[in-house]
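Since the structure comes first, as structure tokens, the remarks are kept for the end.
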Amino acid sequence: KPYLDQTILIDYVKTMFAHYDEMISFDGYKYDLLESTRQILNNLSWYYIERIKESYLANEVDSLSHWGDEFLSLYNLQSSLMACDKNRMLGTWLRKARRFGKTAAEKTYFEWNARTQITLWGNKQASKFLHDYAAREWHGMLNDFYKPRWERYISRLQISLLTGKKLEKVDDYNQELGFVFEKKKYSSKPCGDFKKSVEEIIKKVCSEKIEYKEYGEKQSTFLENVLKDITKK
């Protein structure tokens, strides 16, 4: 559940972080701190999503824009966190996939397949049921795949309120198809400052004076479930 024990989890992260210097050499500590920090940021994102929904339904475009910007700002924070672990990087996944190819063409094929698996999953028919089935919150994916998706959606919400027109459906599959054919190079070498990333996320999460509550089970699909109430307006 999106907000399950968020307050307790924040305290847990802060307590772990207080022992950073003496514990960071232990792999288990780093894994737990990264995962817990990622989760408290994720929980905050769902709070922002609720505010976006409420703003749209109340016809408050300025409020929607504010919460939209707040939500989008979380991608940079999470991306910096994921960049500190080679196993949370898109480059690591693509590099492993390309190793299966013996020729340039085969390497391209295996990279395309690896990109497809964690996004659209398959062709348009398969994607109707398995879109985002193997989604990964990795460095590279966050700012190059998920953030643009949300930027497009928030823009459509703003335009809908400004024009008074009903939110139109779009072909998400074709919009995202280009990503699986891209050749952008992604590093598989960790970078950044893990301690600073955790510290910034704690600061961001604690800056919001939020009374967390549970909003039901987190849904997996983008349009129909995450923001389904908006389409009923």
Determine the pairs where a residue that is within 26 Å of residue 122 (Cα to Cα), located within the range 155-180, has a partner that is hydroxyl-bearing (Ser, Thr, Tyr) and crowded, with 17+ Cβ neighbours inside 10 Å with Cβ atoms under 7 Å apart, the partner being 6 or more residues away or on another chain. 173/127; 176/119; 179/119; 180/116; 180/119
Which condition from (1) open to solvent by 70 Å² or more (accessible area, probe 1.4 Å); (2) under 18 Å from the mean Cα position of the chain (by Cα); (3) not aliphatic (A, V, I, L, M) is the one that residue 99 breaks? (2)
Conditions (1) of a type outside the set (Ser, Thr, Tyr); (2) at negative phi; (3) at pLDDT below 95: number failed by residue 102: (3)
Lone unmet requirement of (1) among the aliphatic types (A, V, I, L, M); (2) touching an Asp or Glu at 6+ places or on another chain (Cβ under 9 Å); (3) part of a helix (DSSP H, G or I) for residue 120: (3)
Quick check on my filter: what residues within the range 13-59 are hydroxyl-bearing (Ser, Thr, Tyr), closer than 16 Å to residue 205 by Cα and in contact with a helix residue (DSSP H, G or I) (Cβ under 6 Å, 6 or more places away or on another chain)? 36, 37, 45, 48
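Specify the residue that is nearest to residue 89 (Cα to Cα); the eligible residues are those in the range 178-190 that are open to solvent by less than 50 Å² (accessible area, probe 1.4 Å) and more than 18 Å from the chain's Cα centre (by Cα). Don't jump to the end; show me each part of the working.
So in the range 178-190, the residues open to solvent by less than 50 Å² (accessible area, probe 1.4 Å) come out as 178-180, 186, 188.
Narrowing the set further to residues that are more than 18 Å from the chain's Cα centre (by Cα) leaves 178, 188.
Numbers: 178: 20, 188: 6 Å.
Among those that are open to solvent by less than 50 Å² (accessible area, probe 1.4 Å) and more than 18 Å from the chain's Cα centre (by Cα), it is 188.
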Which listed residue is assigned to a helix (DSSP H, G or I) and in contact with a strand residue (DSSP E or B) (Cβ under 6 Å, 6 or more places away or on another chain), from 79, 63, 55: 79
Taking the criterion of being assigned to a loop (DSSP other than H, G, I, E, B) and not aliphatic (A, V, I, L, M), would at least one residue in the range 140-152 satisfy it? yes
Which one is farthest from residue 7 (Cα to Cα), of the residues in the range 51-71 that are crowded, with 16+ Cβ neighbours inside 10 Å and in contact (Cβ under 8 Å) with a residue 60 or more places away in the chain? 61
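The values are calculated or read from the model by the stated rules, or taken from the named source; none is laboratory data. Note that the structure is a prediction, hence the values are computed from the model and not measured. Cβ atoms come from the backbone with ideal geometry, glycine included; neighbour counts cover every protein chain shown. Calculation scope for accessible area: heavy atoms of the full protein, side chains included, ligands and nucleic acids excluded. Shrake-Rupley method; radii C 1.70, N 1.55, O 1.52, S 1.80 Å.
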